[in-house]
Amino acid sequence: MKKFDKERVLLAVAGPVIALVLAILLTSVVLLASGKNPFQPYALMVQQLPYSDIQVLIINQASLYYIAAIAVALGFRMNLFNIGVDGQYRLAAVMTAVVGANVALPSFLQIPLLLLVAMCTGGFWAGIAGVLKVTRGVSEVVATIMLNAIATAVIGYVTLTNVWGVQVGNNATTGIMHKSGWFPGINLGADVGEIYGLVFLAVLLGVGYWLVLNRTRFGFDLRATGASETAAAASGVDAKRMVLISMLISGAIAGLSGLPLLLGDSHTYSLSFPSGLGFTAIGIALLGRNNPGGIALAALLWAFLDKASPALDYATPEAYPKEIATIMQGLIVFAVVISYEFVRQWGLRRQQSRVGAELAAAAQNTKKEVAAR
């Protein structure tokens, strides 16, 4: 591997590594301040990894995180901050659940229909922010935050019993979906659980994300527009069109985020359906540096912290609050911002010193050639 490539890999890896180390150190400080052992919680969580049921829970949870983070990362590569992934994902999930409960088709038609409904709902909701940005100059951050709140209101309306809601005890649901829309998973036994079948959709989306960004003209235009709209426009790229298309695609992917859970386990949308997924995805995309491989590792780490942390409540002889994992997740996001800026500045200094050395060497060679004449 060339020296330049080694340095580029080092810069890519340094940010996440520094962020994780900082997060662990800061979490340890919090534990010490509260009079707790700063190392035992990590050991307790790592001890959960060999258990097959925990592994299944981590993989399933990571699939949701991964799809949502890919949606966020696509916006980041376009220099767009799609903070509305949470609203897009929840609205897509509830509309998919409604269609799944009220439309009955054979499985080979029902499942593609549900996937299409989710993508169209998420894309439509994100497209509103995209249209506002390209036509009126409204910041996508402001627009998507407002759309998250509106999505919550729409979901509340949809789940009313006189609309499409079905009351189950104190829980407002959309009713159980027809079995033709249930996506089969990999059953590992009653004691272990089932891996969602749509985990493989997350893998395909990651591969597609990489191929589109790095092997297509659209991906090049997207990255070029994200780097500099004026430079992209000078090369013939319609920046406004790219913004709108990117928001639509980001929203469509976000709409798929809840389907592994919806089609593989819950089979209905209810008040217990997870929220906050879109905001978690922002931290995962940042930690993974918008790279599909990095995002996969970050999603698995986040899912591990989620699913292994309940063991802290039952630790003996001293119990630890499972919120330690939440603190660590928050500190990771905080540390990511600091570490990436540090690495960026360090990389710029390295580049400047290398260019300076090359210019000095070139000037010295020129002097030698002039003296030889």
In the range 306-315, is there at least one residue being open to solvent by 20 Å² or more (accessible area, probe 1.4 Å), in contact (Cβ under 8 Å) with a residue 12 or more places away in the chain and among the aromatic types (Phe, Trp, Tyr)?
-> no
On the given criteria, is VAL141 open to solvent by less than 70 Å² (accessible area, probe 1.4 Å), farther than 16 Å from PRO260 by Cβ and modelled with pLDDT under 95?
-> yes
How many residues of the range 267-280 are surrounded by 21 or more Cβ atoms within 10 Å (Cβ to Cβ) and over 21 Å from GLY197 (Cα atoms)? The answer is 2
Within the set of pairs 6+ apart or on separate chains, which have a first residue in the range 147-162 that is free of Cβ contacts under 8 Å to residues at least 24 places away in the same chain and under 15 Å from SER275 (Cβ atoms), a second that is of a type in the set (Lys, Arg) and open to solvent by 70 Å² or more (accessible area, probe 1.4 Å), and C-beta atoms under 6 Å apart?
-> none
Test result for VAL207, open to solvent by 20 Å² or more (accessible area, probe 1.4 Å) and either more than 30 Å from ARG77 (Cα to Cα) or without any contact (Cβ under 8 Å) to a residue 60 or more places away in the chain (or both) = no
If only one of LEU113, LEU49, LEU32 is open to solvent by 50 Å² or more (accessible area, probe 1.4 Å) and in contact with a Pro (Cβ under 7 Å, 6 or more places away or on another chain), which one is it?
-> LEU32
Select from the range 60-97 the residues that are surrounded by fewer than 24 Cβ atoms within 10 Å (Cβ to Cβ) and of a type in the set (Lys, Arg) and list them in ascending order.
-> ARG77
Which ones in the range 221-240 are surrounded by 14 or more Cβ atoms within 10 Å (Cβ to Cβ), outside any loop (DSSP other than H, G, I, E, B) and either touching a residue at least 12 places away in the same chain (Cβ under 8 Å) or not aliphatic (A, V, I, L, M) (or both)?
-> ASP221, LEU222, ARG223, ALA224, THR225, GLY226, GLU229, ALA239, LYS240
Can you name the residue in the range 329-356 that is open to solvent by 60 Å² or more (accessible area, probe 1.4 Å) and either outside any helix (DSSP H, G or I) or among the hydrophobic types (A, V, I, L, M, F, W, C) (or both) and is also nearest to GLY288 (Cα to Cα) among such residues?
-> VAL337
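The values are calculated or read from the model by the stated rules, or taken from the named source; none is laboratory data. No experiment lies behind these values; they were computed from the predicted model shown. Neighbour counts are summed over all protein chains in view; Cβ atoms, including those assigned to glycine, are modelled from backbone coordinates with ideal geometry. We work out accessible area using only protein heavy atoms, side chains counted, and drop any ligands, DNA or RNA first. Shrake-Rupley method; radii C 1.70, N 1.55, O 1.52, S 1.80 Å.
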